Structures are given as structure tokens and as C-alpha cells.
Amino acid sequence: MFRAKKSHGLMARYAQRAVLSLCALMLLAACGKEYAEVKNQRIRDVNRSDTINIAVIWDEQATDSLLVKGVTLAADEINRQGGLSGRKLALKVYHARNDAHEQLLAKKVAKDTSFAAVIGHRFSSNSIPASVTYEYHGLLFVSPSSTNINLTNHGFEYTFRTIASDRNISREIAALMKSLGHRRIAIIDDRGVYGKGIADGVMESLADLGLQTVVRRHFTPRTDFKQLCAELLRHDFDAIFLGGVMPQTADFIRVARQMGIQQRVYGGDGLDSAELARIAGEAANGTVVPTSFNPEIDHPLTKAFASSFKKRYGKAPDTFAAAGYDSLKIIFESMQRSKSAEPSVVASHMRFLKDWQGVTGSYTYDLQGDLVGKSSYFKFLDQSQFVYVHDSATTEPLKKGGVAAQIDRLPHQPKISKE
């Protein structure tokens, strides 16, 4: 009797699991069918529309950037030249209030089959989940600022970026540190997808170059920076790498100087912001950051862009303005080459784009949607203003007279009162 009941119970559980598995398969099949219908509907809508609709998702105010203005300038230039066989580009800009709202916007845009492409998402923590949504819905996605390697690690068809990945940026930062004579590095990050990712990359690159990471610490928005800095003072290091974004990274630098930490600070591109000087003040002087855009380089495209942008908006373009401008221009270049606005067709041509020149440099993609051979520039704060280094951050300019020499001429940060 006992065995019969036990056998009956096992059969019931197996039957229940089978039903659940069948339901799961039916759900996946239904979702797959739904996504396929969305992709097909997008092709129909994009092809029959009089305009080519592009979505932009960005938090312009919180990130203090000019990205939307850069995208708008590019769209106006393209439209003045006639667009794609007479079809003009139409931008729809969405401003995200917070992370949750940003993901809701991604879903909203993905379900709108009138869109041919989307540009945006400042941070990797938002870009990565959004890329999944866009992939399922067959929407071309170009990120102008997300550097985390996982954005392009999934073999997606529709995902690209117009900035170097953390893998490349980390190597360049480590090479610069070595060329400037640093040997013992303290690495601090904010535990975020971006901050931890680039800090991990720098730590690995330092080890490859024979440099030592003597201390690795993390912080959160609730971290007592004075306590963290007091711990750092107990270690012997000659430079700091800081992985994170505004405003916490600027707060850390300000407190570090107040606590007597005077070693030079290097950051990722998350510190490439005017907020750094506004928040940290004098304490941020000498901080070195990589950037994808140098408005001072002697190239006709860069000069024309910088001039047009300043004439229209009354201010010089920042990194995000240039990235937004190139993002739309490179999408349109792929549309012209493919003679189509269909996302899958445009993506296939974009993936094989080679040596296309934008205002931030040359673009060549690999099959993952990552840039090949794209270097960063470096800049540093001097009297609360960024000073650009005029050489690309490749191995050659790091030699005497290149990037390292230009940065090393900057005096070390002044002593800041602890009061």
C-alpha cells in the first residue's frame, strides 16, 4: 500500500513537471511567434513610411550632456541633403527619469514598429537589458556611450556601439600609468555594472604589464568616504584608478584630497564630465580621464562639426554630442550603402563597415558589433578645465614627447585644507 501511494505520488509529480514543461514550451513558442510578428510588422511599417523614424532615449539633464543636440544636428544635415532617396529622418526623443523608467521606455520604443533604429542609454546597466528587448523586437540599437564588454558579448544581430569597449580603454589606461612611472596602484570602484567592469579590466591590464594592484576597494552611495580614505592611507601606492560615474566619483576625489591623499587619480570615461570640476573643485585638478572625442584634432570633419555645433548652440560640443552625431551618421551611412531602412539589412551592412570616418575617428566593426582598433584620447583637469592631449592613446604616443609627457608636465594636485 505504501509503495503504491509512493509510486502514485511520483507519477503525479512527473505529470505535473511534464505539464509545466509543456506550458513553458508553449509560452516560448507563443513569445517567439509574437516577436516574429513584430519584426515582420516593423519591416512593413518602415518600408511604407514617408519618413525614417529614429528614437533617442537619454537622460539629458541628469548626465549634463549634449547628446540629443548632436543627434539633432546630424539629422538636420542629413535631411538638408535629401535623406534616403527623399525620405527624411524623423527623431523622437524620450527623456528617462530613472532606471526603471528607462527600461519602460525601451519596451515602449521596441513595441512601436514605426521605428527603424534607436540611439541611447547612457549607462551599461541600462543598455545591456535594453539590448535584449531590442533584439527580440528586431530594432537596430546603437549605444553611444556604454563601454561594458557584456553589451556585445551575446551574438546579437541588432546591437552596436560607437565607443571603444572597456577592454580596450582599460589597456590604454594601464599603458599610460606604466609610461608615467606608476608601479603600485590602488583601485576603487562603485560596484556598478560600468564602474566594476572597467576597474576589473584595468586591474587585469595592469597585471599584464607587470604593475601591482596593492589595494582594491568598493563604495556605494552610502559609503563613508572618510573611512575609506583613512584605510587607503595605510597602504603604499603611487596612483589611484577610480571606476564609477558622477556624482559619487567626484565626491570621493574631494574627500580624498581633504584627507591628505595626493596621488594622481585616473578614471574611466565615466569621469568625462563637466560635473567633475563643479563637484570636486580644485581637488579634481590633475585627474586624468580617457575620452572618445578631441575637438582640437586637425581633421576637416571634426573641425566642421565643432564649428557647426558652436554656431547653432552657442557652446562647444562635448564627448556625448560627438558620439550622438556619429551614431546617427553611421546608421545613415549603412542605410545609404544598403539602400534600405530595414533594421536587419542596415545591421548587416553596418557590421561590415570598414574605416568609415566620423568626427571622433575611424570606425570598423567586428561581427559582434564592437569597434576594432578604435583608440581613446586622454585629457586632464587643469584649473577646473579639461586640457586635451593631442595624440591618440596608442602605444606609440605614450613614448617620450607623447601623451605621457604632456600629462606629466601638469603640476601635482595642490594640498587641500582638511578643515
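Bear in mind that the values in this text are calculations on the coordinates, not laboratory data. Not measured: the values here are computed from a predicted model. All Cβ positions, even for glycine, are placed from backbone atoms using ideal geometry, and neighbour counts span all protein chains on display.
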Practice prompt. Give a quick list of trypsin sites (Lys or Arg not before Pro) in segment 185-217 that DSSP marks as loop, anything other than H, G, I, E or B, with at most 14 other Cβ atoms within 10 Å.
Written response: 191
Discussion item. Using the Karplus curve 6.51 cos²θ - 1.76 cosθ + 1.60 with θ = phi - 60°, what ³J(HN,Hα) values do you get for each residue of segment 338-343, in whole Hz, with x for Gly and Pro?
Written reply: 8, 6, 7, 10, 5, x
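Treat the count of other C-beta atoms within 10 Å as a stand-in for reagent exposure and order 208, 190 from fewest to most.
With the sparsest Cβ surroundings first, the list reads 208, 190.
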Discussion item. For a 19 Å ceiling on Cα separation, which of these pairs sit above it: 354/374; 226/379; 329/374; 69/111; 69/329?
Written reply: 226/379; 69/111
Worksheet entry | Under 5 Å, built H, 5+ apart or other chain: amide partners of residue 52 | 88, 89, 90
Worksheet item: What are the residues whose amide H is under 5 Å from the amide H of residue 189, where those residues sit 5 or more places off or on another chain and H is modelled from the backbone?
Response: 217, 218, 219, 243
